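The values are calculated or read from the model by the stated rules, or taken from the named source; none is laboratory data. Only a predicted model underlies this, so the values are computations on that prediction, with no experimental measurement involved. Neighbour counts are summed over all protein chains in view; Cβ atoms, including those assigned to glycine, are modelled from backbone coordinates with ideal geometry.
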Amino acid sequence: MPLTGGVVRPLLELAGLRKSYGGLDVLKGVDLAVAPGELVFVIGPSGSGKSTLLRCCNRLEEPDGGTVIVDGENILASGVDLNRVRQKIGMVFQAFNLYPHMTALGNVTLALRKVQGMARAPAEAKARDALAAVGLADKQAAYPIQLSGGQQQRVAIARALALEPKIVLFDEPTSALDPELVGSVLAVMRELKAGGMTMVVVSHELAFARDAADRVVFMDGGRIVEQGPPAAIFGSPREARTRDFVAKLAERS
Amino acid sequence: MEDGWARFVFAYLNPDVAAEWGPKIFEGAVITIELGLATIAAGLFFGMALAVLRASAPRWVGRVIVAFVDVFRAWPPLVVIIVLFYAFPYVDLPMGAFTATWLALSLVLAAFAEEIWWAGLQSVPKGQWEAARSTGLSHLQALVWVAVPQAVRMTIPPLVNRTIAIVKGTALGSVVALPEILGQATSASSLAGNPTPLTLAALAYLAIFLPVVILGRWIETRFAWKR
Ligand SMILES: Nc1ncnc2c1ncn2[C@@H]1O[C@H](COP(=O)(O)OP(=O)(O)OP(=O)(O)O)[C@@H](O)[C@H]1O
Ligand SMILES: [Mg+2]
């Protein structure tokens, strides 16, 4: 991990982040710092603001207050080039959101070509590498509809990775998958983590959290209620709300 | 009975009249085809331009486009043709029958195409936009590379049907003396004192539009695709 004056500079730093829809306060002041190479695992009941939190990090949702600093840059500053900043922040969605009219290779090359301005040949070479990295070297010509859910999600991960982001945000990446396909996606995420990628993962996969997460964050009602190492949050949570939620999650899985 | 049939053949299937006026109908067919192709090109181009503009310009621009679209979907195409043909000379814009018919049908097709494509753009899932924007594409890039191609595919069946319906309106040009198929056929019929040219016209329309209808069906099945 790169050190600056003995202190690790966070790659992602949220301070006092607030967001409301109409009268509904969804984020009520969230502070969170994610160190380079760290995997932060976010859990919380439905509606607690987990997705909103991730979507504020690349301004898919516009925060109402607070700061979002990515790689040392305040991305809420006026005049910031959002399309440039977003390439540093990969995002993986629950519903994959692959472009159905493009092949796997086309999905991965689009931003390389249109945003980064790469020529076709190098963009495709890079996209092939990204697809190979998620175990789909042989699927580059397939359209999304011809792929299983697990394969589609891995293409989506490759699409994010090809841009060489500093951090990748995962919003329930395996929730839409049949149980037997979950493992292939989690395996790719484990490899990413092992390769040093910084990740924020919203998910219910507790087993994955136990062995891959550096820190677990429990959200409820638009706030971070409790956070700590997986063993602490899952084994001996301090807050009653955390205990209840973890117990429910464990029951379900 | 025998007599009735003979009179029918003489009136509608008269070989002598057909031979004499066939070339005129053919000339008309050339104009019909030119007019149809020009209408499709201009109408679809303008319709797409309006849909893209509406999806990316400020709200008031969208409202202007909606007003245009609603007006031209409400007017009968024949009214537009006649108004353009008779009104424009007064404002010192000479407008031939061909130009008036072409412009009128193109505006009507543009209005319908805009509405169809707009609906298609609206039905592109939000997640598609989010995926595109999250990788750094601008709104316009996401529109052009992600939303429009999906909207176009989704809307092929209604668009093909609407295009065929409007392009058949080339026959309306006969009202402003455009010598397309129907115009040629009606004047030929009165000159010949025999309706056989109208039979030729019907056959000419079939020859032109039946392949288009079949092509339309082929395009619909070819591009029918599920997400
Ligand atoms: N675009 C929106 N407009 C209005 N309300 C919204 C919008 N997006 C989210 N919300 C509301 O904000 C709250 C938090 O939503 P969010 O999606 O962040 O929760 P979540 O923790 O991700 O829940 P889940 O586990 O169900 O995905 C919910 O009450 C939701 O209804
Ligand atoms: Mg969510």
Any residue in the stretch A:37-50 that is of a type in the set (K, R) sitting within a Cβ distance under 6 Å of a residue that is in a strand (DSSP E or B) and near ligand 2 (Cβ under 9 Å from one of its atoms)? List the pairs, counting only those 6 or more apart or interchain.
A:K50/A:V202
Matching residues in the stretch A:213-245 (more than 21 Å from the chain's Cα centre (by Cα) and among the aliphatic types (A, V, I, L, M)) number 3
The number of residues in the stretch A:37-57 that are more than 14 Å from ligand 1 (Cβ to nearest atom) and of a type outside the set (A, V, I, L, M, F, W, C) is 2
Which helices (runs of 4 or more DSSP H) does the stretch A:46-157 wholly contain that include 2 or more residues that are at the interface with chain B (Cβ under 9 Å from one of its Cβ atoms)?
A:82-85, A:104-114
Total residues in the stretch A:77-119, condition of a type in the set (F, W, Y) and on the phi > 0 side of the Ramachandran plot:
1
For the stretch A:28-57, give me each residue that is more than 16 Å from ligand 2 (Cβ to nearest atom) and within 13 Å of A:V168 (Cα to Cα).
A:V34, A:A35, A:P36, A:G37, A:E38, A:L39
Candidates A:V26, A:V34, filtered to the one that is under 24 Å from A:A160 (Cβ atoms), of a type in the set (A, V, I, L, M, F, W, C) and either away from ligand 1 (no atom under 14 Å from the Cβ) or away from chain B (no Cβ under 14 Å) (or both)
A:V34
Can you name every residue in the stretch A:224-253 that is under 22 Å from A:G16 (Cα atoms) and within 16 Å of ligand 2 (Cβ to nearest atom)?
A:I224
Go through (1) in contact (Cβ under 8 Å) with a residue 40 or more places away in the chain; (2) over 21 Å from the mean Cα position of the chain (by Cα) one by one and return the number of the condition B:A29 breaks.
(2)
Matching entry among B:A119, B:A188 (being more than 10 Å from every other protein chain (Cβ to nearest Cβ), more than 30 Å from A:E62 (Cα to Cα) and of a type in the set (G, A, S)):
B:A188
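The rows are residues; the columns are (1) exposed (fewer than 12 other Cβ atoms within 10 Å of the Cβ); (2) of a type in the set (G, A, S); (3) at pLDDT 90 or above; (4) in contact with a helix residue (DSSP H, G or I) (Cβ under 8 Å, 6 or more places away or on another chain).
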| residue | (1), (2), (3), (4) |
| --- | --- |
| B:E2 | yes, no, no, no |
| B:A42 | no, yes, yes, yes |
| B:L50 | no, no, yes, yes |
| B:V61 | no, no, yes, yes |
Could you grab me the full set of residues in the stretch A:187-205 that are closer than 18 Å to A:K50 by Cβ, surrounded by 20 or more Cβ atoms within 10 Å (Cβ to Cβ) and not charged (D, E, K, R)?
A:M189, A:T198, A:M199, A:V200, A:V201, A:V202, A:S203
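Can you pull out the residues in the stretch B:130-143 that are facing another protein chain (nearest Cβ under 9 Å) and either assigned to a helix (DSSP H, G or I) or out of contact with any Lys or Arg (no Cβ under 9 Å at 6 or more places or on another chain) (or both)? Explain how you work it out, then say what you get.
Filtering the stretch B:130-143 for residues facing another protein chain (nearest Cβ under 9 Å) gives B:130-138, B:141.
Within the stretch B:130-143, B:E130, B:A131, B:A132, B:R133, B:S134, B:Q141 meet the criteria.
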Please go through the stretch A:207-238 and pick out each residue that is within 25 Å of A:V8 (Cα to Cα) and part of a strand (DSSP E or B).
A:R215, A:V216, A:V217, A:F218, A:M219, A:R223, A:I224, A:V225, A:E226, A:Q227, A:G228
Is there a residue in the stretch A:105-122 that is touching a residue at least 40 places away in the same chain (Cβ under 8 Å) and within 16 Å of ligand 1 (Cβ to nearest atom)?
no
Those residues that are more than 16 Å from ligand 1 (Cβ to nearest atom), surrounded by fewer than 19 Cβ atoms within 10 Å (Cβ to Cβ) and within 14 Å of chain B (Cβ to nearest Cβ), I need them from the stretch A:158-186; list them, please.
A:E164, A:K166
Does B:R54 qualify as being in a helix (DSSP H, G or I), in contact (Cβ under 8 Å) with a residue 40 or more places away in the chain and closer than 29 Å to B:A142 by Cβ?
yes
Only residues that are modelled with pLDDT of 95 or more and within 16 Å of ligand 2 (Cβ to nearest atom): list them for the stretch A:178-208, please.
A:V200, A:V201, A:V202, A:S203
Part of a helix (DSSP H, G or I), of a type outside the set (S, T, Y) and under 23 Å from B:V144 (Cβ atoms) - does that describe any residue in the stretch B:80-96?
no
Enumerate the pairs (first residue in the stretch A:184-206 and assigned to a loop (DSSP other than H, G, I, E, B); second residue anywhere and acidic (D, E)) with beta-carbon separation below 8 Å, excluding pairs fewer than 6 apart on the same chain, so at least 6 apart or on different chains.
A:S203/A:E172; A:H204/A:E172
